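Below you'll find the structure, written out as C-alpha cells, and then a few comments.
The values are calculated or read from the model by the stated rules, or taken from the named source; none is laboratory data. Values in this document were obtained by computation on a predicted structure and should not be read as measured data. Accessible surface areas use protein heavy atoms only, side chains included; no ligands, DNA or RNA. Shrake-Rupley method; radii C 1.70, N 1.55, O 1.52, S 1.80 Å.
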Amino acid sequence: KQVILQKGPSRPVNVIALWESPLDGNIWAGTFDNGVFVVNPDGKIIRQLTTQNGLQDNNVLSIAGDQRRVWLATFGGVTTVDLQTQLCTRLDEIGNGYVYKVFLDSKGRVWFGTDGAGLIVFENGQFRPFKEVNGKTLKTIYSIAEDRRGQIWFTTDKDGLFRFDGDHFYRYDTKNNLH
C-alpha cells in the first residue's frame with residue numbers, strides 16, 4: 001500500500017532527473033537540493049529521499065534503474081535503493097564527487113559519468129574505470145547513451161564524443177565530421 005505524504009515541499013522545487021519504476025509506475029523525480037520525490041501516477045508524493053534517510057547528497061543529477069534497484073547520481077557520489085526493501089546504500093567505489101550520469105545498458109551493465117574519475121562501468125559485480133582512452137585522459141563525462149547495435153556513446157568536457165564497441169574506443173571530433 002502506498003502512503004501519501006500529507007505535506008509536499010514548501011517552496012518551488014527544481015526537478016532535473018526523472019525515472020519511471022517498472023514495478024509500480026511511480027515516477028522518481030531528482031531535484032537540486034531536495035533529494036528525490038517518489039510520485040505515484042496520480043501525481044501524489046508518496047516518499048521523499050534525502051540525506052536524512054540515506055541519500056548520498058540532496059542534489060540528484062541522474063536516475064536509472066531496473067526491476068530490483070535504482071541508481072541515483074548526485075553531487076556526492078552514487079546511492080542505490082533496493083526497490084523491495086527501500087534500503088539506501090552508498091557506493092563508495094565510485095567516490096564522493098559529482099556523478100553527472102548513470103546509465104543502464106541492454107546488457108545489464110551500469111555506466112557512470114563522473115567529474116574527475118572518468119567513465120566507470122559496473123559489470124559482473126565489478127567496477128571497472130576507464131581513465132584513459134586512445135591517449136586521451138578521461139576526466140569528466142557528461143552524458144552516456146547506447147545505440148541499437150549495443151555500442152556505448154559518451155561525451156566529455158574537453159575531448160568531444162566517444163564510442164565504445166565493447167573492445168575499442170573511437171573518438172569523434174572535427175577531424176572526422178563532428179562540427
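Structure data summary
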item	result
With all protein chains modelled, accessible area of ILE120 [1.4 Å, Å²]	10
C-alpha center-to-center spacing [the stretch 89-116, the stretch 50-78] in angstrom	10
Diffusion constant of the stretch 97-150 at 20 °C, which comes from Stokes-Einstein with the Kirkwood Cα-pair radius and 1.002 mPa s, µm²/s	187
Mean accessible surface per residue for the chain, computed with a 1.4 Å probe while every protein chain stays in place, in Å²	56
Mean separation of Cα contacts under 8 Å, 6 or more apart, over the residue count of the stretch 33-179: relative contact order %	11
Listed residues VAL133, VAL110, VAL102, most fluctuating in the chain (Gaussian network, C-alpha, under 10 Å)	VAL133
Computed Rg/Rh of the chain, alpha carbon atoms with Kirkwood Rh	1.00
Which of LYS175, LYS139 is most accessible, then next, and so on - probe 1.4 Å	LYS175, LYS139
Within a Gaussian network of the chain (alpha carbon springs, distance under 10 Å), most fluctuating of PHE164, PHE103, PHE112	PHE164
Of LYS107, LYS131, LYS158, the one that fluctuates the most in a GNM where the chain has Cα springs shorter than 10 Å	LYS107
